[in-house]
1. Using modelled backbone amide H atoms (1.01 Å from N, in-plane), which distant-in-sequence or interchain residues come within less than 5 Å of Arg86's amide H?
2. Pull up all non-local amide H partners of Gly163: gap of 5 or more, or a different chain, and H-to-H distance under 5 Å with H placed in the peptide plane.
3. Among the lysines, select those whose C-alpha is under 28 Å from the C-alpha of Lys355, and discard any that sit fewer than 8 residues away in the same chain.
4. State, to one decimal in nm, how far the label point of Asn253 lies from the label point of Lys435, with both points 7 Å from Cα in the Cβ direction.
5. Just from its helices, what would the mean residue ellipticity at 222 nm be for the chain, if runs of 4 or more DSSP H residues each count -39500 (n - 2.57) and the sum is divided by every residue, rounded to the nearest 500 deg cm²/dmol?
6. Report the calculated FRET efficiency for Arg136 and Asp413 (r = Cβ-Cβ distance, R0 = 41 Å), to the nearest 0.05.
7. Only counting other Cβ atoms within 10 Å, I'd like His376, His74 sorted with the fewest neighbours first.
8. Given a Förster radius of 41 Å and the C-beta distance between Glu302 and Lys72 as r, what FRET efficiency does 1/(1 + (r/R0)^6) yield to the nearest 0.05?
Amino acid sequence: MRTRTHSSRRMVALVVAGVLGAGALSGCAADSDEPSGGATGGEGGGGRTTLTVGVFGAFGLKEAGLYDQYMKLHKDIVIKQTSIERNENYYPQLLTHLGSGSGLADIQAVEVSNIAEVTATQADKLVDLGRTRGVRKDSFLAWKWAQATDRAGKTIALGTDVGPEGICYRKDLFAAAGLPTDRAKVGELWAGDWRKYLETGKKFKAKAPRGTAFVDSASGVLAAITGSEAKRYYDEDGKVVYKTNPAVKQAWNSAAAFAQGGLTAKLQQFTPSWDQGFSNSAFATISCPAWMLGYIQDKAGEGGKDRWDVAAAPRPGNWGGSFLAVPEAGGNKEAAAELAAWLTAPEQQATLFEKRGSFPSAEAAYALPAVSGAEHPYFDNAPIGEIFSQAAKGVPVQILGPKDGIIAQNLADVGMLQVDQKGTSPKDGWNKAVKAIDNALDQ
């Protein structure tokens, strides 16, 4: 990633943020930072207070040097991080520890697919960080703040990052198919309507290079469309409504049209064959949040440099993001809340983006040079700070439910995957997904 400033152009590595959305899993070896003379919570060596931070995967705070920076500013604080590799293992443990009031870190990370359940069922066990000194609600994206705020107005967690989406595309494949390659003109092809994305796919197919599909998967299209809707699987009263929600059915039908129209590479995301698809020209476009740029660079390799580019998505959507929460059972709640506030402040979020590619959830960070001037040299110097800032500002305030992840995963991996790979009818695929969801939700 390259950052433009008035005086310099700095290069930093853009890597995958350790936080993915529903259905995607973090993948980093667990770590533990044991400070000299420190213990979990309480007093560290030399009269210093040790604050523990529990995260999943390569969360990025440590890797970006933020802990070290905070300890330099606060000589009386020692920060210790523990990480569990996968959120699917981390989250059940977090719920168990919250229930018992023991075994908790002073700060606990929460993934976006779990935040609705935590907010609805665990708010009494977490500190109201909205009242913490230095925290400003208007610094954050309104929809991000709302995700961790309960009906009584208590904000139980502060956002670290978000996953605003664009469309990454292969310029060389677009040119071969007679489509424009300039990112602004590409964005105009489908601006404002996912159906235009489908129509562009049909035009691409008519002249596409042999063996190349328009998109990677129908499931990916389904996730992208539902990620741009305000109301998806639950309504305002917490009732599961995906079966009757017109927005979900329209997303389902649109994604199925990609499959039935022969526009997909029939791949399943985050599998070895999908990874290989980035380098072997299996598909020309993919819905990509900011964190996926590093993933594409890694999988497409040097051969994909300047061939991949990024344009605005048909409609702003979000895929991914996380939060920091402070348990009430902690022995250093005030100090932990101050640390959480500092870690999620605009300046630190800008640093996390610059060093790790995690796009800020603090809207106030978007005017900072590290974000506003960010370019990505692998993607032909795409102005990713501008592209993803605009996308993030346009994301609707979504209604999240406690089992969003279960619903989304089964719609994608049970239902739409069969439509895409096996030729199952959209109706039968939908029914199979609904049956799996009903079983998972005990309905």
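None of the figures in this text is laboratory data; all of them are computed from the coordinates on show. It should be emphasised that the depicted structure is a prediction, and the values quoted were computed from it without experimental measurement. Glycine also receives a Cβ, built like all others from the backbone with ideal geometry; neighbour counts cover every protein chain displayed.
1. Excluding prolines and chain starts, which carry no amide H, the hits are Gly57.
2. So Gly163 has HN proximity to Trp319, Gly320.
3. The reachable lysines, counting only those whose Cα sits under 28 Å from Lys355, are Lys62, Lys72, Lys75, Lys80, Lys137, Lys144, Lys171, Lys299, Lys305, Lys393.
4. 2.4
5. Working: 18 runs with 170 residues, N = 443.
It lands at -11000 deg cm²/dmol.
6. Numbers: r = 39 Å, r/R0 = 0.96.
Approximately 0.55, to the nearest 0.05.
7. Working: His376 23, His74 17.
The most exposed by this proxy come first: His74, His376.
8. Working: r = 37 Å, r/R0 = 0.91.
Computed FRET efficiency for Glu302 and Lys72: 0.65.
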